[in-house]
Amino acid sequence: MCGIVGYIGGKKAAPILLDGLSKLEYRGYDSAGIAVRDGDKKPKVIKAEGKLKVLSEMTADGESVMGTCGIGHTRWATHGEPSKINAHPHHTDDDNVVGVHNGIIENYKELRDKLLRHDYSFYSETDTEVAIKLIDYYYKKYNMGPIDALAKTMVRVRGSYALVVMFADYPGEIYVARKESPMIIGLGEGENFVASDVPAILKYTRNVQYIGNLEMGRITSTGTTFYDLNGDEIDKPVSEIEWDSEAAEKGGYEHFMIKEIHEQPKVVEDTIKSLIKGEEGSYKVDFSESGITEDDIKKCSGIHIVACGSAYHVGVVTQYVLEDLARIPVRVELASEFRYRKPILDKDEIVIIISQSGETADSLAALREAKEHGIKTFAIVNVVGSSIAREADYVCYTLAGPEIAVATTKAYSTQLIVGYLMAIRFAEARGYLDDEKINDYIVDLLKIPGKIQKVIDDKERLQWFASKYANAKDVFFIGRGIDYAICLEGSLKMKEISYVHSEAYAAGELKHGTISLIEDGILVIGVATQSDLYEKTISNMVEVKSRGAYLMGLTAYGSYDLEDTANFTVYVPKTDEHFAASVAIIPLQLLGYYLAVARGLDVDKPRNLAKSVTVE
Ligand code: M6R
């Protein structure tokens with residue numbers, strides 16, 4: 001979604017703002033803008049609809065804009081169409097206040113009416129212009145300083161925001177305010193930064209301060225000061241980001257997505273190794289760093305896994321594995337449903353929130369809903385210091401590194417690993433697994449990176465198949481049990497980047513309606529990695545084939561009889577079947593990727609999508 005960058009220091013601000021915004025392009029946007037101040041002169045506001053490169057061309061990559069203090073924004077339209085006028089930064093008519101905003105001001109209509117009654121007028125359709133003018137209103141009416149005006153505004157607005165503002169009377173200062181939308185402050189030597197996401201500032205600094213919920217900050221070139229809603233100063237520790245800047249670059253690959261697919265063997269291995277201890281023969285799972293204790297696990301009476309999109313699909317796999325290994329009831333839910341359905345939660349249950357970004361609005365709200373019920377929350381998160389990581393009772397980090405492509409691949413794969421290891425850990429604590437079996441499972445898991453690599457090495461076959469099916473209109477994915485969970489993710493990979501309509505169906509459900517859609521030439525992908533369900537899935541594949549479907553089969557090496565049914569078969573290395581999703585998803589990621597490439601689409605930035613969905 002929208003991206004924010006701010007800079008104050010000794011260098012020209014505009015090139016740094018444009019560079020930072022370019023690192024946030026992956027989040028999805030439709031227009032962009034910057035506002036830069038040269039000393040105490042009024043800010044120069046430059047905006048453009050479309051890609052950032054338009055703004056870069058207008059300003060000679062920022063070099064033609066004087067000033068060392070500025071803010072920048074990429075906008076993903078919510079209130080008002082994508083246009084230059086609705087693009088940020090927004091400003092008051094006299095340029096007293098200029099600012100950018102991520103999030104949504106829910107009561108903006110009511111506030112707009114109030115401001116109209118006080119002789120303000122509006123040039124855009126955005127909620128942001130309302131917020132900026134409300135700050136100006138309090139600042140002038142009560143003759144307040146910036147922090148008091150911001151605090152008064154925060155009390156008055158409903159919704160979520162990361163607000164970054166400059167005041168005409170305070171040259172060389174940037175003010176920030178935050179509720180729910182992510183924002184960090186980067187600390188340099190004689191210069192400081194503001195950003196909505198780490199990659200924007202990674203090139204300049206790894207030292208950051210996290211601004212908390214309902215907090216404000218004053219940023220100058222030499223320091224930062226933070227305040228609570230009462231205007232009282234608060235201390236902020238400095239944290240170090242461990243990601244290196246190269247991890248956020250394409251490194252010779254055509255797209256971030258294919259680079260991230262290739263990174264999977266390494267990040268999966270890193271994540272496994274971060275959660276095990278001992279050596280072969282006596283391996284154990286170790287979640288102690290997350291904060292969860294043996295006692296917490298033992299007394300847990302049930303688990304709710306709550307997430308969105310691909311993270312939800314990880315939850316579906318995890319449900320099968322957790323229930324099977326640990327014999328504990330698990331319910332998987334979409335965060336957007338969980339948060340509003342008044343869930344019935346038992347005090348001894350645990351809510352697991354899975355989120356790559358740690359900022360997904362619905363997942364964060366679900367976490368808070370669980371906490372309000374007094375239920376312990378366990379977050380599986382990739383971004384260190386993100387809101388979900390900070391608010392959960394226990395946190396386990398996936399070690400995927402920065403994931404830039406909108407379509408998740410490596411974060412999904414590392415989340416699966418955490419899910420499996422949780423299942424083993426819960427099974428151990430509940431007495432369902434002995435030491436030998438635990439060791440065997442971990443040995444099996446440690447072989448997965450090599451198996452993923454083997455599938456990636458065979459990618460040309462999938463590339464060929466994708467080019468053959470580049471004009472497909474509808475695709476169906478069918479499978480049972482864990483294979484159904486794999487289908488959910490395979491189908492999402494296909495539709496989100498190649499815009500091919502696809503559906504994932506539990507194979508046994510087809511007969512209850514969907515089979516009527518099967519006609520000559522339709523591509524059906526049957527996933528059959530689970531031996532106890534294999535025959536049943538094959539029967540469903542035969543049913544669609546006899547109605548004209550073209551069948552792609554996906555199974556493990558050894559199940560060669562699938563070729564008797566499928567027109568095209570893809571084999572993946574065998575693993576313990578609980579972990580089959582980790583290898584079977586790789587060909588489906590590659591298929592989605594190559595299909596999008598064959599169709600000439602913008603793989604890393606698919607239309608209408610954003611990397612992290614920080615609004616409802
Ligand atoms: O950051 P999160 O893991 O919370 O994001 C959840 C979904 O928005 C995300 O998985 C989305 O479905 C992916 N773009 C799918 O590739």
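In the stretch 381-400, the residues that are of a type in the set (Phe, Trp, Tyr) form Cβ pairs under 9 Å with partners that are near the ligand (Cβ under 10 Å from one of its atoms) and open to solvent by less than 50 Å² (accessible area, probe 1.4 Å), at six or more places apart or across chains, as follows: Tyr397/Ile380; Tyr397/Val381; Tyr397/Asn382; Tyr397/Val383. With respect to (1) within 14 Å of the ligand (Cβ to nearest atom); (2) in a helix (DSSP H, G or I); (3) of a type outside the set (Phe, Trp, Tyr), the lone exception for Asp561 is condition (1).
If you filter the stretch 569-616 down to residues that are within 15 Å of the ligand (Cβ to nearest atom), more than 25 Å from Tyr420 (Cβ to Cβ) and assigned to a helix (DSSP H, G or I), you find that the one that is farthest from the chain's Cα centre (by Cα) is Leu595. Of all residues in the stretch 341-377, those that are outside any loop (DSSP other than H, G, I, E, B) and within 15 Å of the ligand (Cβ to nearest atom) total 14.
Here is a yes/no grid of residues against (1) farther than 20 Å from Glu125 by Cα; (2) at pLDDT 95 or above; (3) part of a loop (DSSP other than H, G, I, E, B):
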position	(1), (2), (3)
Tyr7	yes, yes, no
Gly10	yes, yes, yes
Leu17	yes, yes, no
Tyr26	yes, no, no
Ile34	no, yes, no
Lys41	yes, no, yes
Gly72	no, yes, no
Ala77	no, no, yes
Val98	no, yes, no
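Of all residues in the stretch 302-340, those that are outside any helix (DSSP H, G or I), within 16 Å of the ligand (Cβ to nearest atom) and at pLDDT below 95 total 1. Among the residues here, Ser387 does not qualify as over 20 Å from Val198 (Cα atoms) and hydroxyl-bearing (Ser, Thr, Tyr).
Would it be correct to say that Lys473 is modelled with pLDDT of 95 or more, surrounded by fewer than 23 Cβ atoms within 10 Å (Cβ to Cβ), within 29 Å of the chain's Cα centre (by Cα) and more than 16 Å from the ligand (Cβ to nearest atom)? Judged against the criteria, Lys473 is not a match.
For the stretch 58-76, state whether one or more residues are open to solvent by 30 Å² or more (accessible area, probe 1.4 Å), closer than 24 Å to Thr225 by Cα and β-branched (Val, Ile, Thr). Yes, the stretch 58-76 contains at least one residue that is open to solvent by 30 Å² or more (accessible area, probe 1.4 Å), closer than 24 Å to Thr225 by Cα and β-branched (Val, Ile, Thr). So is Ser274 surrounded by 14 or more Cβ atoms within 10 Å (Cβ to Cβ) and either within 16 Å of Glu391 (Cα to Cα) or within 13 Å of the ligand (Cβ to nearest atom) (or both) or not? Against the criterion (surrounded by 14 or more Cβ atoms within 10 Å (Cβ to Cβ) and either within 16 Å of Glu391 (Cα to Cα) or within 13 Å of the ligand (Cβ to nearest atom) (or both)), Ser274 does not qualify.
Could you go through the stretch 86-94 and let me know if any residue there is surrounded by fewer than 16 Cβ atoms within 10 Å (Cβ to Cβ) and aliphatic (A, V, I, L, M). No, there is no match, as no residue in the stretch 86-94 is surrounded by fewer than 16 Cβ atoms within 10 Å (Cβ to Cβ) and aliphatic (A, V, I, L, M). Checking Tyr412, Tyr420, Tyr484 one by one, the residue that is within 24 Å of the chain's Cα centre (by Cα), surrounded by 23 or more Cβ atoms within 10 Å (Cβ to Cβ) and within 15 Å of the ligand (Cβ to nearest atom) is Tyr412 and no other. A single entry from Gly490, Gly548 fulfils the requirement of being part of a loop (DSSP other than H, G, I, E, B) and either on the phi < 0 side of the Ramachandran plot or open to solvent by less than 30 Å² (accessible area, probe 1.4 Å) (or both): Gly548.
The values are calculated or read from the model by the stated rules, or taken from the named source; none is laboratory data. What you see is a predicted model, and the numbers here were worked out from it, not measured in a lab. Please note: Cβ atoms are built from the backbone with ideal geometry, for glycine as well, and neighbour counts cover all protein chains shown. These accessible areas exclude ligands, DNA and RNA; they are computed on the full protein's heavy atoms, side chains included. Shrake-Rupley method; radii C 1.70, N 1.55, O 1.52, S 1.80 Å.
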